[in-house]
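Novice: This is the structure I want to talk about, given as structure tokens.
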Amino acid sequence: MKSTFACEVCGGKQSMTLGTRRYAAADVARADAYQRVRLRVLFEKWCPGTADIVFAAVMCSTCGFVSHLPRAEPGDLAAKYRTLLEWGSDYGTGETDDVARARSKELYAAVGTAFEADSSLRVLDYGGGDGRLMHAFRAGGHRTFLVDYQERPVAGTEKLSDTLETLPAAARFDLVVASHVVEHVAEPTAVLRRLAHHLADGGRLFVEVPMECWGRPPFHDEPVTHINFFVPGSLRRCFEEAGLEVASCRLTRSLHPTGVFMLVVRAIGHRARWPVTPTANGVADVGAFLRPTLRQRIRCRAILTGGLVGLLSHTIRTRVAPSIERDSNAS
């Protein structure tokens, strides 16, 4: 694991510490099944022989990318995935078929502008597990492919390789989807650059990541699953550093496998026709999200509930209606 900071998005060397969290080997016995196996990866594979370790959440002072220090390197992540496969671990979400299909439809709608109604396109799902997010694309008549360690992809989606490194260099796709993948990789800019290489002329790259810099530094009960934390400015910068022109990059909501909506950053881009000068940064975004104002809280709540109308409806259902019922019962 790396112990010195070097931004994996822009290459910057200066950082700001946002907070720290200590993890102890003794936590393994108290963790739930999902967390336990990942804490074991931390203490048995990444830091063997260590009783406890302190992680810092650090922000690149140049582009606003947030990560942890010490930081997992490519070899650490390869060992993680090999170990999870050996131990038979899954994502622990209990996703139902209905939720999977709903997520697929949502994704299909989000990238709909990249499609023509009368065309059958080649779509690559990078890091998509068994390829279940490709259901709506297959139903729309598109050919779907998968790059992932998963050995049994869903019917109709063809697995091409385990990793990008073993994907044939000549393979080209009209759309590459990386949905909730880039937060897991050691070298996000390098990964986007490789994905851009596999875009056909006019092809589009779709990336979605969770927005986890909210109210406090981004720490979870285990530091193994997510190692990258983006806001709109830093994800846009990652696209630019990879030589991609950004068509859109925004904060929005997405359906989680558990069936609830979560805040995400969603970006779509394509290979630039001329050299891109990276200028975007998310430093201000990180500051605003870590210390949200009332206006910012209302905005994000509105995003999660589907807009101002949804926010009003949610407020009535969860606060006003129960209050009226309590008053009615009291009288």
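Novice: Here's a check for you: in region 228-271, which residue that is more than 16 Å from the chain's Cα centre (by Cα) and surrounded by fewer than 16 Cβ atoms within 10 Å (Cβ to Cβ) is farthest from residue 106 (Cα to Cα)?
Specialist: That would be 245.
Novice: Any chance you could count how many residues in region 61-79 are assigned to a helix (DSSP H, G or I) and either free of Cβ contacts under 8 Å to residues at least 40 places away in the same chain or touching a Gly at 6+ places or on another chain (Cβ under 6 Å) (or both)?
Specialist: 3
Novice: Then there's this: Give just the number: which of (1) at negative phi; (2) surrounded by fewer than 21 Cβ atoms within 10 Å (Cβ to Cβ) does residue 202 not satisfy?
Specialist: Result: residue 202 fails condition (1) only.
Novice: Run down 319, 295, 326 and say which single residue is part of a helix (DSSP H, G or I), modelled with pLDDT of 90 or more and over 22 Å from residue 235 (Cβ atoms).
Specialist: The conditions single out 295.
Yes/no per residue for (1) surrounded by 14 or more Cβ atoms within 10 Å (Cβ to Cβ); (2) β-branched (Val, Ile, Thr); (3) within 29 Å of residue 189 (Cβ to Cβ):
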{"position": "16", "(1), (2), (3)": "yes, no, yes"}
{"position": "22", "(1), (2), (3)": "no, no, no"}
{"position": "76", "(1), (2), (3)": "yes, no, yes"}
{"position": "95", "(1), (2), (3)": "yes, no, no"}
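Novice: Separate question: Out of curiosity, is residue 12 of a type outside the set (Val, Ile, Thr), within 26 Å of residue 291 (Cα to Cα) and either in a loop (DSSP other than H, G, I, E, B) or not assigned by TED's automatic domain parsing to the domain that holds residue 185 (or both)?
Specialist: Yes; evaluated as a whole, the condition is true for this residue.
Novice: Something else now. So which strands (runs of 3 or more DSSP E) are wholly in region 139-256 and hold at least 3 residues that are aliphatic (A, V, I, L, M)?
Specialist: Values: elements: 143-147, 157-161, 173-179, 199-210, 244-255.
By residue number, 173-179, 199-210, 244-255.
Novice: If a residue must be within 20 Å of residue 283 (Cα to Cα), under 21 Å from the mean Cα position of the chain (by Cα) and among the hydrophobic types (A, V, I, L, M, F, W, C), how many such residues does region 1-54 contain?
Specialist: Qualifying residue count for the region: 5.
Novice: Which residues, counting only those in region 168-199, are in contact with a Leu (Cβ under 6 Å, 6 or more places away or on another chain) and either basic (Lys, Arg) or surrounded by fewer than 21 Cβ atoms within 10 Å (Cβ to Cβ) (or both)?
Specialist: 186, 194, 196
Novice: Which one of 41, 54, 9, 58 is under 27 Å from residue 257 (Cα atoms), in contact (Cβ under 8 Å) with a residue 12 or more places away in the chain and not acidic (Asp, Glu)?
Specialist: One residue alone meets the criteria, 41.
The values are calculated or read from the model by the stated rules, or taken from the named source; none is laboratory data. Please read all numbers here as calculations on a predicted model, not as lab measurements. No Cβ is skipped: glycine too gets one built from the backbone with ideal geometry, and neighbour counts run over all protein chains shown.
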